[in-house]
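Notes for the one structure printed next.
The values are calculated or read from the model by the stated rules, or taken from the named source; none is laboratory data. Just so we're clear, the structure is a prediction, and the values are computed from it rather than from any experiment. Because the Cβ atoms are built from the backbone with ideal geometry, glycine has one as well, and the counts that use them run over all protein chains shown. What goes into the accessible areas is simple: the full protein's heavy atoms, side chains included, and nothing from ligands, DNA or RNA. Shrake-Rupley method; radii C 1.70, N 1.55, O 1.52, S 1.80 Å.
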Amino acid sequence: AQSVAQPEDQVNVAEGNPLTVKCTYSVSGNPYLFWYVQYPNRGLQFLLKYITGDNLVKGSYGFEAEFNKSQTSFHLKKPSALVSDSALYFCAVRFSNTPLVFGKGTRLSVIA
Amino acid sequence: DTGVSQDPRHKITKRGQNVTFRCDPISEHNRLYWYRQTLGQGPEFLTYFQNEAQLEKSRLLSDRFSAERPKGSFSTLEIQRTEQGDSAMYLCASSSGLAGSYNEQFFGPGTRLTVL
């Protein structure tokens, strides 16, 4: 069965520093990978996805993610963190006809 | 606002009562999904519709849960004889595309259910 692991419950980073939020997946075959962000009292917002092609995917708000098939990872990155990036981030995976499976989430805290 | 909307945003009920939630997807989206999210967890898939057809249901969806999308537009999720373990955020999402599509899902703000 497909699964997603976000090994860090919390990530703290200083404003202006680069950030990484980790995600690994366990599937067989070719996955579709997604990152979503959840702000308090708001729905999940789509950030970016990997379907096929270039392993480096660029998304909203300056975020990007790198697909690494050999390590089955899809880490979210941003070169320079903002305080407004503080939120809950979810990695998700699916195959062509399977439901979207989410990780438990990583809370990002950007400190001014 | 042309995003996904859900009603109500909050619902407090007593154990044993029935509750019904509504989701209005983005108008041109043919796929609609229901998820449940508890504290400290990611959303868990419950069921989804393509147009009016309910194509898949999770094992999480006990027989007390029923979902409909009668005209392929809005959807309702009903929970009968609520239990305290049903307390959660219920999320609705919609997307466009055919089966197997990798289009992203757009989420509503959720309905928070508290069962006393």
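For chain A, calculate the relative contact order in percent as a whole number, restricting contacts to Cα pairs under 8 Å that are 6 or more residues apart.
Working: 274 pairs, mean separation 41.9, N = 112.
Reported as a whole number, the value is 37 percent.
7 Å from Cα along Cα→Cβ at both A:Ser26 and A:Ser84: what's the point-to-point distance in nm?
For A:Ser26 paired with A:Ser84, the spin-label model returns 3.9 nm.
With all protein chains present, calculate the accessible area of A:Arg107 using a 1.4 Å probe and round the result to the nearest 10 Å².
110 Å²
Can you give the accessible area of B:Leu60 in Å² (nearest 10), computed on protein heavy atoms with a 1.4 Å probe?
Near enough 70 Å² of accessible area.
Probe radius 1.4 Å, ligands and nucleic acids left out: which of B:Ile79, B:Ile12, A:Ile51, A:Ile111 has the largest accessible area, and how do the rest follow? Working shown, then result.
Details: B:Ile79 0, B:Ile12 120, A:Ile51 35, A:Ile111 90 Å².
Output order, biggest surface exposure first: B:Ile12, A:Ile111, A:Ile51, B:Ile79.
Against the globular-protein guess of 2.2 N^0.38 Å, express the Cα radius of gyration of segment B:46-110 as a ratio, rounded to two decimals.
1.17
Take the alpha-carbon centre of segment B:10-56, take the same for segment A:58-101, and report the distance between them in whole Å.
That distance is 24 Å.
Compute the label zone of B:Ser66 within segment B:39-56: residues whose backbone N is under 20 Å from the point 7 Å along Cα-to-Cβ.
Answer for this model: B:46-56.
Give me Rg/Rg_expected for chain A, where Rg uses Cα atoms only and Rg_expected = 2.2 N^0.38 Å with N residues.
Against the compact-globule rule of thumb, the ratio is 1.01.
Could you tell me how many cubic angstrom of Cα convex hull volume segment A:60-100 has per residue?
In segment A:60-100, the Cα hull volume divided by residue count equals 99 Å³.
Ranked highest first by the average count of other Cβ atoms within 10 Å around their residues, in what order do A:29-42, A:10-23 fall? Write out the running numbers ahead of the final one.
Details: A:29-42: 17.9, A:10-23: 15.6.
Ranking the peptides A:29-42, A:10-23 by packing returns A:29-42, A:10-23.
Once the Cα atoms of chain B are picked out, what are the Rg and Dmax in Å?
Radius of gyration, then largest Cα-Cα span, for chain B: 13.4, 40 Å.
Can you put B:Ser58, A:Ser80, B:Ser94 in order of accessible area, largest first, using a 1.4 Å probe?
Ranked from most to least accessible, the order is A:Ser80, B:Ser58, B:Ser94.
Given a 1.4 angstrom probe, what's the average accessible area per residue across chain B, in square angstrom? Provide the component values of the computation, followed by the final result.
Values: 5960 Å² over 116 residues.
Spelled out: the 1.4 Å probe surface of chain B, per residue, equals 51 Å².
On a 1.4 Å probe surface of the protein chains, which of B:Tyr102, A:Tyr25 comes out largest in accessible area, and what is the full order? The partial results should precede the final answer.
On the way: B:Tyr102 95, A:Tyr25 15 Å².
The most accessible residue leads, giving B:Tyr102, A:Tyr25.
State the volume of the convex hull built on the alpha-carbon positions of the protein assembly as shown, expressed per residue in Å³ and rounded to an integer. Walk me through the intermediate numbers first.
On the way: hull volume 28.4 nm³, N = 228.
Normalising the Cα hull of the protein assembly as shown by residue number yields 125 Å³.
Give B:Lys11/B:Lys57; A:Lys58/B:Lys57; A:Lys22/B:Lys57; A:Lys69/A:Lys104 a once-over and call out the pairs whose C-alpha atoms are over 27 Å from each other.
Correct reply: A:Lys58/B:Lys57; A:Lys22/B:Lys57.
What does the average come to when, for each residue of peptide A:35-45, you count the partner chain Cβ atoms lying within 10 Å of its Cβ?
On the way: counts 0, 6, 0, 6, 0, 0, 4, 3, 13, 12, 4.
Going residue by residue through A:35-45 and averaging, the value is 4.
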